[in-house]
1. Output ³J(HN,Hα) for the range 74-81: one whole-Hz value per residue in order, computed from phi by the Karplus curve 6.51 cos²θ - 1.76 cosθ + 1.60 with θ = phi - 60°, and x for Gly and Pro.
2. For Ile112, which sequence-distant residues (separation of 5 or more, or a different chain) have an amide H within less than 5 Å of its own amide H, given hydrogens modelled in the peptide plane?
3. Note the direction-averaged projected area, equal to a quarter of the hull surface, for the Cα convex hull of the range 25-161, in nm².
4. From the backbone phi of the range 96-111, what are the Karplus-calculated ³J(HN,Hα) couplings (6.51 cos²θ - 1.76 cosθ + 1.60, θ = phi - 60°) in whole Hz, Gly and Pro given as x?
5. Treat the count of other C-beta atoms within 10 Å as a stand-in for reagent exposure and order Phe25, Phe13 from fewest to most.
6. Can you tell me the relative contact order of the range 25-161? Whole percent, Cα pairs under 8 Å, sequence separation 6 or more.
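Values in this text are rule-based calculations from the coordinates and carry no lab data. Here the structure is a predicted model, which means the values were calculated and not measured. Cβ: placed from backbone, ideal geometry, glycine included. Neighbour counts: every protein chain shown.
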Amino acid sequence: MENEPSAKIAHPFNSKEFRAALGRFATGVTIITAQNQGQTHGMTANAFVSVSLDPPLVLVSLDNRSYMHRIFPGATRFGISVLKEDQEQLSNHFAGRSVDGLHIRFTSREDIPVLEGALAYFVVEVIDIHPAGDHTLYIGQVEYFEARDEKPLLFYAGKYHQLPGREPKTFPHPENEFSLFSIGSFDPPVK
Ligand SMILES: Cc1cc2nc3c(=O)[nH]c(=O)nc-3n(C[C@H](O)[C@H](O)[C@H](O)COP(=O)(O)O)c2cc1C
């Protein structure tokens, strides 16, 4: 017999249960980086979505209370660093839980700061902004991307996880997988 669901009906609406249900969607973890008045700011985000192949578009959803959201009107371009499995402390740091002794190194792609040693980078230009409840959706057109074959940091049910086994060898031409850059005619602007 299957396990009983913890909540069958969201009525009356319970935001704690809603968050717990959303947490059943396993994701990777990214750090969004932008520059504002000469300062680099980073923020942990797992609400990162591939949107379109042609043109190449991605989306991030930022809490309206976040500092990142407040500086975004002044940042027309931003960076997305997809974290590797050993970068959990960076995720905590950029989620506001400072980690003692953590050494943070930024590098630059197309004049945008990204985190050194990440699994993948995207540099995007903001082309659309949609207010959505207590968050705002930022749609970015990809100007540059880069990826390497290592294992990702995963986030599921409020906890970090790691992929079992060896790292998947899929990049740059995953032939048997549905991934953003494996289908369609999109010729990405890799430099
Ligand atoms: C794994 C993880 C994923 C997160 N994803 C998001 C997200 O997608 N959007 C968001 O607004 N906040 C997200 N947060 C929370 C922000 O990282 C956190 O509120 C951060 O302190 C905001 O930083 P800022 O106010 O300095 O910009 C996430 C936190 C964690 C730990």
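1. Residue by residue, the range 74-81 yields x, 10, 7, 10, 8, x, 10, 10 Hz.
2. Under 5 Å from the amide H of Ile112: no residue qualifies.
3. 8.3
4. Coupling constants for the range 96-111: x, 9, 5, 10, 4, x, 6, 9, 9, 10, 8, 10, 10, 10, 6, 6 Hz.
5. So the residues, fewest neighbours to most, are Phe13, Phe25.
6. Reported relative contact order: 30 percent.
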